[in-house]
Amino acid sequence: PEETVTSSFASFIHAARPEHLSQTVRQRSKRMILDSIGVGLVGSTTRVFDIALRYCRLYSSVAVSSVYGKPGVKLSPTLAAFTNGVATHSMDFDDTWHPATHPSGAILPALLAASQMLPPSTKPSGLDFLLAFNVGLEVQGRLMHFSTEAHDIPKRFHPPSVVGTLGSAAATAKLLSLSSAQCCHALGIAASLAGAPMANAATQAKPLHVGNATRLGLEAALLAARGMEANPLILDDIPGCSGFSAFYGIYQPKPLSAPGEHHEFLLEKQDIAFKRFPAHLGMHWVVDAALSVRNLFINYAGSFSPSLIRTIMLKIPVSKYINRPFPSSEHQARHSFQFNACAALLDGEVGLGSFSESSIHRQELRELLDKVVVEHPEDNVANFDKMYGEVALLLHSGDVLTGKCDTFYGHWRKPLSKESLLKKFRSNASHVLSEEKIEAIITLVDNLENLSDSSQL
């Protein structure tokens, strides 16, 4: 039969081997795994995680898979994947790729749950686990490149709920050693389980998008393994009958080349953005710009004195769901250019505590928010690879101080150092784990290729 886009993806998933992963891809993906575990662990301390866990414990009939931050608590594999996915995105602290999506949270919890589900005689090795993780990444990245719409900050669907669901299906299909035909059906089933609207950004429902992506992708692979079939052309562009193209206005799919010497993984060519603080990625530009102008202000005035400021000018891209002048909840605050700029100006940093209720409703912060004016320069496009953040302080004296950030520390063009990533992981994990266990996880991930049983993670 003539090769189709969908069949090429299925063949890739089935044929990928550990030797196809370069050293760069292995190292970058292990950094992602470590960061995602840390983010999930600190996320297990949040209210939205508690809600999800209480719900899942109603249905934990086959409890074999572990839950982030809850020693002794186990759920069924799909519900453990869901709960851990919610934890990973509960603070919007997880990694981000370009085109925009949160890749790790959509696949890692499914792989962790599936590795515990399998019987001792068929436990995947650490190398099997790492390969499956990278297969899930590759499928997500390739799907995102099929649409020019996906390159901009999303407006309709939250990307991890779309490409993440298929990435989870691909990763777990690989871990379960499904046939090429079963991999094809897993992608088709996952497409029928995908999609969540952007209107639920900045609410407690947004973490469910990642929880559902990783859970439903795992379910799609399990259903395909048991014989369920789906449209074998789900990724192809079929006029008059939408498949995956339903999620994008412009959709131009291309076959995925076979793994090997002529195929280069996307992770080889582009690194991942790791967040330094728990907020929407766009906030990192305005925070770095705000910290820069704050230093200028202190050199100018001797200290940070809000009374000297007449207007705070933000120059940001147009993106409705992250343009929030007066956020009233932690989730709104994580999606507010205005809040993050003012918090950085007032405190000289943005961290976990910045999004507490007491911090959000401070009078001095509200007074700064009242001074904010927003502009949308034409050259500042809503694209994580091209945007910038600019914060200007117009003083009562008539002087103007300006800070600008084109590439924040942690962006794929300016990646976190190993030391910074380890510091973030240790800080996040310390909320629920002992120092001994934290160091054990670091060692396990660093030596993942040599692990005989990946369920030890």
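The values are calculated or read from the model by the stated rules, or taken from the named source; none is laboratory data. Please read all numbers here as calculations on a predicted model, not as lab measurements. Cβ atoms come from the backbone with ideal geometry, glycine included; neighbour counts cover every protein chain shown. Side chains are part of the model used for accessible areas, which takes the heavy atoms of the whole protein and leaves out ligands, DNA and RNA. Shrake-Rupley method; radii C 1.70, N 1.55, O 1.52, S 1.80 Å.
Find the all-direction average of the projected area of the Cα convex hull for the range 1-146, expressing the result in square nanometres with one decimal place.
Numbers: hull surface 41.8 nm².
In nm², the orientation-averaged hull projection of the range 1-146 is 10.4.
Solvent-accessible surface (1.4 Å probe) assigned to R17 amounts to roughly 100 Å². Overall, the accessible surface of the chain at a probe of 1.4 angstrom is composed of carbon and sulfur to the extent of 51 percent. Shown in residue order for the range 20-28 are the 3J(HN,Hα) couplings computed by the Karplus curve 6.51 cos²θ - 1.76 cosθ + 1.60 at θ = phi - 60°: 7, 8, 6, 4, 4, 5, 4, 5, 5 Hz (x for Gly and Pro). Each label point was placed 7 Å from the Cα along the Cα-to-Cβ direction; for D50 and T407 their separation is 4.2 nm. Listed by chain and number, the lysines whose alpha-carbon sits under 20 Å from that of K386, ignoring those within fewer than 8 places in the same chain, are K155, K269, K275, K315, K320, K404, K414. I'd like the distance separating the alpha-carbon centroids of the range 1-59 and the range 180-194, in whole Å. When both Cα centres are located, 16 Å separates them.
Taking the DSSP bridge list for the chain and keeping only pairs wholly inside it, about 80 percent are antiparallel.
Mind ranking D453, D128 by accessible surface for me, highest first, 1.4 Å probe?
Working: D453 40, D128 70 Å².
Largest accessible area first, the residues go D128, D453.
Principal-axis analysis of the Cα atoms of the chain puts helix 5-15 at an angle of about 80° to the longest axis. When K269, K414 are compared by accessible area at a 1.4 angstrom probe, the order from most to least is K269, K414. The C-alpha atoms of the chain define a longest principal axis, and helix 77-89 lies at about 20 degrees to it.
Calculate, for S420 and E449, the FRET efficiency according to 1/(1 + (r/R0)^6) with r their C-beta to C-beta distance and R0 41 Å; round to the nearest 0.05. Spell out each step's value before the answer.
Details: r = 24 Å, r/R0 = 0.58.
Plugging the Cβ-Cβ distance into 1/(1 + (r/R0)^6) gives 0.95.
For W412, the accessible surface of its heavy atoms amounts to roughly 20 Å² (probe 1.4 Å, protein chains only, rounded to the nearest 10).
From largest accessible area down, sort E419, E264, E378; use a 1.4 Å probe on the protein chains.
Details: E419 130, E264 90, E378 180 Å².
Putting E419, E264, E378 in descending order of accessible area: E378, E419, E264.
Highest mean first, how do 100-110, 230-240 rank when packing is the count of other Cβ atoms within 10 Å averaged over residues?
Working: 100-110: 31.5, 230-240: 16.8.
Answer by packing, highest mean first, reads 100-110, 230-240.
Listed values (1) 20.3, 60; (2) 23.2, 74; (3) 22.1, 75 include one computed from this model; for Rg and Dmax of the Cα atoms in Å that value carries the label (3). Surface exposure of the chain, expressed per residue as accessible area with a 1.4 Å probe, stands at 39 Å². Within the full protein context, the accessible area of H20 is estimated at about 50 Å² for a probe radius of 1.4 Å.
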